[in-house]
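**Q** One structure, pasted below without further comment.
Values in this text are rule-based calculations from the coordinates and carry no lab data. This is a predicted model, so every value here is computed, not measured. Here Cβ is always computed from backbone atoms with ideal geometry, including for glycine, and neighbour counts include all displayed protein chains.
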Amino acid sequence: MILIAGGSGLIGKAIGDSFGTKHLVYNYDLKVSETKHHIFFDAHEPLTAHLSRNACNIETFIDCARYKSQADQIATWETVISYFKSREREHGNMILFSSIYGHKAPRFGIYYATNVPETPLSYAMDKAAVEQATKFLAEKYKKWNIRVNCIAPGGVFNGHSKDFQEHYMLAGGVPMIQTKNLIPVINMLTDDDNVINGQVISVEGGWTL
């Protein structure tokens with residue numbers, strides 16, 4: 001079973017859809033996903049309430065959510081880790097999401113004269129924190145057989161203007177990625193034989209090279 005925080009958003013929904021009927025997908029979000037295969041967990045309630053009320057056997061937690069505060073984000077991770085540790089056979093898999101701006105300075109010129117606002121400093125700081133948390137959590141909980149990895153996407157196309165797409169292409173030599181480009185990495189990290197742990201994996205076609 002897969003638990004996706006933010007499973008109704010652009011990336012979360014694409015990931016949930018990619019599993020089809022192979023896995024039961026729980027979507028922990030503030031709004032209901034239109035995907036039929038998802039079981040909705042209303043994020044207005046604490047995640048602990050859902051996990052205790054439902055006979056879940058979550059193997060992988062994928063965090064695509066946007067949080068009001070870092071404290072809320074950490075509380076969600078701690079809930080998931082406690083759940084993984086409480087099982088008879090301690091194990092679990094966490095996939096967090098950051099951004100290339102978590103470890104690279106923005107190329108501010110791509111925003112000039114477009115309708116896309118410049119990336120704020122707070123966004124880059126938040127994403128950098130997720131990448132450090134990935135290594136912190138992976139090291140701390142590996143003895144419980146809990147893996148923690150992070151995916152750092154480049155610019156993900158979401159109806160962006162032609163001008164912005166051209167600026168993006170000129171800045172890095174490759175186009176914006178599609179949500180489908182993230183799925184091979186998700187499949188790798190959810191494979192039963194995967195031993196990757198504590199890594200930040202950039203998915204951007206070489207835009208930051």
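**Q** Based on Cα coordinates alone, diagonalise the gyration tensor for segment 157-209, multiply each eigenvalue by 5, take square roots, and list the semi-axes in whole Å, largest first. Write down the numbers at each step before the final one.
**A** Values: eigenvalues 156, 32, 9 Å².
That gives 28, 13, 7 Å for the three semi-axes.
**Q** Angle, helix 10-19 long axis vs. longest principal axis of the chain, Cα atoms, 0 to 90°, nearest 10?
**A** On a 0 to 90 degree scale, this one is about 50.
**Q** [x] 17.8; [y] 19.9; [z] 19.2: which one is Kirkwood radius over Cα pairs in Å as calculated from this entry?
**A** Here the calculated entry is [x].
**Q** Taking segment 84-173 as the region of interest, what is the percent of Cα-Cα pairs per 5 angstrom bin, listed from the shortest bin to the one with the maximum distance?
**A** Taking every Cα pair in segment 84-173, the percentages come to 3, 13, 19, 17, 14, 10, 8, 7, 5, 3, 1, 0.
**Q** Next up: Taking 8 Å as the Cα distance limit and 6 or more residues as the minimum spacing, I'd like the relative contact order of segment 1-98 as a percentage.
**A** On the way: 149 pairs, mean separation 28.2, N = 98.
Dividing the mean separation by the residue count of segment 1-98 yields 29 percent.
**Q** Based on C-alpha coordinates, I'd like the Rg and Dmax of segment 13-114, in Å.
**A** Cα-based Rg and Dmax for segment 13-114 come out at 16.3, 56 Å.
**Q** What percent of all Cα-Cα pairs in segment 21-81 falls into each 5 Å bin, going from 0 up to the bin containing the maximum distance?
**A** 4, 16, 29, 29, 16, 6, 1
**Q** Another one. 5 Å is the cut-off here: which amide hydrogens, built 1.01 Å from N in the peptide plane, fall below it relative to I62, excluding neighbours closer than 5 in sequence?
**A** The answer is L3, I4, A5, I95.
**Q** For segment 83-147 and segment 2-74, what is the separation of their C-alpha centers, rounded to whole Å?
**A** When both Cα centres are located, 17 Å separates them.
**Q** Suppose a student asked you for the relative contact order of the chain, using Cα pairs under 8 Å spaced at least 6 residues apart; what percent would you report?
**A** Relative CO of the chain lands at 19 percent.
**Q** Before rounding to the nearest 500, sum -39500 (n - 2.57) across all DSSP H runs of length at least 4 in the chain and divide by the residue total; then give [θ] at 222 nm in deg cm²/dmol. Please report the intermediate quantities before stating the final value.
**A** Numbers: 6 runs with 73 residues, N = 209.
Result for the chain: -11000 deg cm²/dmol, rounded to the nearest 500.
**Q** How far is helix 162-172 tilted off the main Cα axis of the chain, in degrees rounded to 10, range 0 to 90?
**A** 90 degrees
**Q** Among 61-69, 117-125, 97-105, 171-179, how do they line up from the highest to the lowest mean number of other beta-carbon atoms within 10 Å?
**A** Details: 61-69: 17.7, 117-125: 12.2, 97-105: 19.8, 171-179: 16.1.
Packing order, densest peptide first, comes out as 97-105, 61-69, 171-179, 117-125.
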